[in-house]
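A short worksheet on the structure shown next.
Read-outs: derived from the displayed coordinates by stated rules, not from any lab. Treat the numbers as computed from the prediction; the structure is a model and nothing was measured. Here Cβ is always computed from backbone atoms with ideal geometry, including for glycine, and neighbour counts include all displayed protein chains.
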Amino acid sequence: MLAIIGGSGLSQLSNLDVASRRIARTPYGEPSSVLTFGRLGKEEAIFLARHGHQHTMPPHRVNYRANLWALRENGATHIVSVASVGGILAGLNPGDLIIPHQILDYTWGRASSFFEEEGTPVTHIDFTEPYDARLRQSLLDAAKMAGIPARDGGVYAATQGPRLETAAEINRLERDGAEIVGMTGMPEAALARELEIPYAMISLVANHAAGRNGSHHGIDFGQLETVLSEAMEKVRAMLARIALPREERNTHQAKGGEP
């Protein structure tokens with residue numbers, strides 16, 4: 001079953017044919033929102049609002065472990081994350097869609113593993129390619145079917161938040177190889193890998209990153225809502241056309257048992 005984690009601008013999935021809603025409980029606390037079950041295009045789907053339905057949870061306070069655990073326990077076999085980002089790379093503009101292929105993690109202090117409790121065996125995951133290749137291709141295929149341009153590949157920098165970055169920090173991220181910047185991509189992707197659930201992201205450019213183009217002297221928050229509203233219609237159209245890969249994925253877990 002497909003799971004959609006909606007970020008800023010996607011607290012509800014209006015084209016989900018809703019069948020039921022369920023409150024989930026996990027060993028890691030409560031997830032960000034109730035789970036909404038239904039059908040999206042040809043796929044059965046679960047929707048979870050990352051920041052809560054009223055967008056009340058900042059990125060560094062999201063209970064990522066509870067979110068991922070709840071989705072797995074309720075039948076999720078693939079996860080698509082939707083996240084708004086700032087565009088660092090020249091040529092990226094508000095409203096553009098990117099299917100990233102790599103991550104740089106600058107977050108700190110977040111509960112980032114299911115294998116960190118006392119007595120849990122040391123467990124390493126292969127994170128060479130943080131996003132599932134088959135699921136990424138499914139997203140690119142869905143965009144093509146919908147007639148929506150989507151950039152194949154990008155390096156996503158995950159920062160701590162909730163504040164936005166300084167222009168100097170964006171310069172550093174660019175030197176490190178980052179092309180887009182957001183606050184929720186980690187530890188979400190790593191936790192999905194620990195649970196061995198294929199995971200990929202749709203990144204929506206909400207604004208130029210600090211110090212870039214229209215954000216040279218500051219971020220224009222007044223334009224963000226309009227950009228997100230228009231671009232999320234494209235995201236919904238993509239999601240309605242996704243066809244999940246059916247092949248069994250290889251395990252990425254080097255040691256340890258099921259979390």
Subject >> Most to least packed among 139-149, 180-190 [average Cβ atoms within 10 Å] >> reply: 180-190, 139-149
Subject >> Value of [θ]222 nm, deg cm²/dmol, for the chain, DSSP H segments ≥ 4, -39500 (n - 2.57) each, nearest 500 >> reply: -7000 deg cm²/dmol
Subject >> Table column - 3J(HN,Hα) (Hz), the range 163-168, Karplus curve with 6.51, -1.76, 1.60, x for Gly and Pro >> reply: 5, 7, 7, 7, 4, 5
Subject >> Equivalent ellipsoid semi-axes, the chain, via Cα gyration tensor eigenvalues times 5, rooted, Å >> reply: 26, 22, 18
**OP:** Mind running the shape call on the range 1-87? Use the C-alpha gyration tensor, a ≥ b ≥ c as the square roots of the eigenvalues: rounded below 1.5 for a/c, prolate if a/b tops b/c, oblate otherwise.
**Re:** oblate
Original post:
What residue among 89, 108, 185 has its Cα farthest toward the positive end of the dipole of the range 70-188, where the charges are +1 on Lys, Arg and -1 on Asp, Glu, each on the Cβ?
Top reply: 89
**OP:** Compute the length gained on full extension between residue 230 and residue 113: take 0.36 nm times their separation in residues and subtract their Cα-Cα distance, giving the result in nm to one decimal.
**Re:** 38.6 nm
Subject >> Cα-centre dipole for the range 2-239 with unit charges at Cβ (Lys and Arg positive, Asp and Glu negative), debye to 20 >> reply: 440 debye
